[in-house]
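See below for the structure under consideration.
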Amino acid sequence: MKCIIGLGNPGRKYENTRHNIGFMVIDQLSEDLGVDLTQNKFKCHYGVGYVNGKKVMLVKPQTFMNLSGEGVRPLIDYYKIDAADILVLYDDLDLPVGKLRLRQKGSGGGHNGIKSLNQHLATDKYKRIRIGIDRPEQGGSIIGYVLGKFPKSESALIEKVVYRSADASTAFVTVPFQDVMTEYNGDVNE
């Protein structure tokens, strides 16, 4: 079984914020694939469905971002999911809005959600889609920025980003990841 995990913060207060772009993609996948995220276990909301006959689990950890690994680790242990079958979606300050960067592994860099996953999974060898959110203006608060909502001027671009990330995630279930990377790395407008 493949497992697609979107990172974010639980609660209405954080809906549609930059830090919750991973949740936004999982919600889109849930709609696209007809997978209800009604199961709750190990501090995660999740659901299981199929893509072209291949089983896939969609996951939204319900710990806060910095503790993402606390819920994910017991869930993947329970379902015996190998790290190579995991795809994680998350925001990236170092990429401009509208840019996707797919990777096969990597450190957490400055992202505390990924650091938590790496620590709890005891590996960094899982697939990921880094979704660009850009940085705040010089001197702006990083925390305030990532917990802020996207401006209306970016809404059409964010919608494209969510759809493209969902398409890449769906492809991950049935296509070799190297091919997914070739197809989806880059700017959503390319």
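The values are calculated or read from the model by the stated rules, or taken from the named source; none is laboratory data. The structure presented is a predicted model; accordingly, all values stated were derived computationally and were not measured. Cβ atoms come from the backbone with ideal geometry, glycine included; neighbour counts cover every protein chain shown.
For region 73-88, filtered to residues that are free of Cβ contacts under 8 Å to residues at least 60 places away in the same chain and either in a loop (DSSP other than H, G, I, E, B) or of a type in the set (Lys, Arg) (or both), the residue that is surrounded by the most Cβ atoms within 10 Å (Cβ to Cβ) is Arg73.
Considering region 1-30, and only residues there that are part of a helix (DSSP H, G or I) and among the charged types (D, E, K, R), the residue that is modelled with the highest pLDDT turns out to be Asp27. Condition check for Val97 on (1) part of a loop (DSSP other than H, G, I, E, B); (2) modelled with pLDDT of 95 or more; (3) among the aliphatic types (A, V, I, L, M): one failure, at (2).
Counting only residues that are in a helix (DSSP H, G or I) and of a type in the set (A, V, I, L, M), which one in region 112-145 is surrounded by the most Cβ atoms within 10 Å (Cβ to Cβ)? Full working, then the answer.
Filtering region 112-145 for residues in a helix (DSSP H, G or I) gives 112-121, 142-145.
Imposing the further condition that a residue be of a type in the set (A, V, I, L, M) reduces the set to 114, 117, 121, 142-143.
Numbers: Ile114: 24, Leu117: 27, Leu121: 18, Ile142: 11, Ile143: 10.
Here the answer is Leu117.
Checked against (1) out of contact with any helix residue (DSSP H, G or I) (no Cβ under 7 Å at 6 or more places or on another chain); (2) modelled with pLDDT under 90; (3) within 19 Å of Pro61 (Cα to Cα), Gln138 passes all but condition (3).
Pairs linking a residue in region 135-163 that is free of Cβ contacts under 8 Å to residues at least 12 places away in the same chain to a residue that is assigned to a helix (DSSP H, G or I), with Cβ atoms under 9 Å and 6 or more positions apart or on different chains, are Pro136/Ile142; Pro136/Gly144; Pro136/Tyr145; Pro136/Val146; Glu137/Tyr145.
Note on region 163-180: residues that are over 12 Å from the mean Cα position of the chain (by Cα) and either of a type outside the set (Val, Ile, Thr) or not in a helix (DSSP H, G or I) (or both) amount to 10. State all residues of region 166-186 that are in contact with a Lys or Arg (Cβ under 9 Å, 6 or more places away or on another chain) and exposed (fewer than 14 other Cβ atoms within 10 Å of the Cβ); if no residue qualifies, say none. The answer is Thr174, and nothing else.
Taking the criterion of being touching a residue at least 60 places away in the same chain (Cβ under 8 Å) and among the hydrophobic types (A, V, I, L, M, F, W, C), the residues of region 9-44 that qualify are Ile21, Met24, Val25, Ile26, Leu29, Leu33.
Does at least one position in region 43-63 carry a residue that is over 16 Å from the mean Cα position of the chain (by Cα), among the hydrophobic types (A, V, I, L, M, F, W, C) and either surrounded by 14 or more Cβ atoms within 10 Å (Cβ to Cβ) or closer than 22 Å to Phe177 by Cβ (or both)? Looking for residues that are over 16 Å from the mean Cα position of the chain (by Cα), among the hydrophobic types (A, V, I, L, M, F, W, C) and either surrounded by 14 or more Cβ atoms within 10 Å (Cβ to Cβ) or closer than 22 Å to Phe177 by Cβ (or both), one finds at least one in region 43-63, hence yes.
Restricting attention to region 148-162 and to residues that are under 14 Å from Arg18 (Cα atoms) and under 16 Å from the mean Cα position of the chain (by Cα), the residue that is surrounded by the fewest Cβ atoms within 10 Å (Cβ to Cβ) turns out to be Glu159.
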